[in-house]
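S.K.: Please see the structure below; I have some questions.
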Amino acid sequence: MEARGEAIEAEAMKLCARLPPLLASQQALASALPAFQPYATMDQQDIDDCGKDGHYDVDLGNGSHATAQIEADSHDSDHGQNTDAAAEADAAAKGSSRGN
């Protein structure tokens, strides 16, 4: 189970690495297309915070966020929990939307 967590964390870090060019593209589009500006919600803080302490928070716009926390020392089997990854992700997505 720990290897699976490490693989997920590695994939999440790949997403973090893609954020700087995404921010640049978003800012360029917001400059070129004023109608897009309200949706250009990503900022440098999103990049700086991505992956810190196992937390991955993505601003979805309109005050909504998708948040995941990866516990490197988590052992679901040690706690007798059998979870389906897709169901867990779906529940996290539904439960982590929060308005400002």
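Laboratory data are not the source of any read-out in this text; all were calculated from the coordinates shown. Note that the coordinates shown come from a computational prediction; the quantities given were computed from them, not determined experimentally. Please note: Cβ atoms are built from the backbone with ideal geometry, for glycine as well, and neighbour counts cover all protein chains shown.
S.K.: Return the loop-located trypsin sites (Lys or Arg not before Pro) in the stretch 1-36 (DSSP other than H, G, I, E, B) with at most 14 other Cβ atoms within 10 Å of their own Cβ; answer none if there are none. Let's see the in-between values first.
M.R.: Numbers: sites: Arg4, Lys14, Arg18; in loops: Arg18.
Counting only loop positions with at most 14 other Cβ atoms within 10 Å, the trypsin sites (Lys or Arg not before Pro) in the stretch 1-36 are Arg18.
S.K.: Whole-Hz Karplus ³J(HN,Hα) for the stretch 10-23, in order, using 6.51 cos²θ - 1.76 cosθ + 1.60 and θ = phi - 60°, x for Gly and Pro?
M.R.: Karplus-based 3J(HN,Hα) across the stretch 10-23 equals 4, 5, 5, 5, 5, 5, 4, 5, 8, 5, x, x, 5, 4 Hz.
S.K.: While we're looking at this one, here's another question. Can you pull the one-decimal nm distance between simple spin-label points at Asp49 and Gln37, each 7 Å off the Cα toward Cβ?
M.R.: Distance between the two pseudo-spin positions: 2.4 nm.
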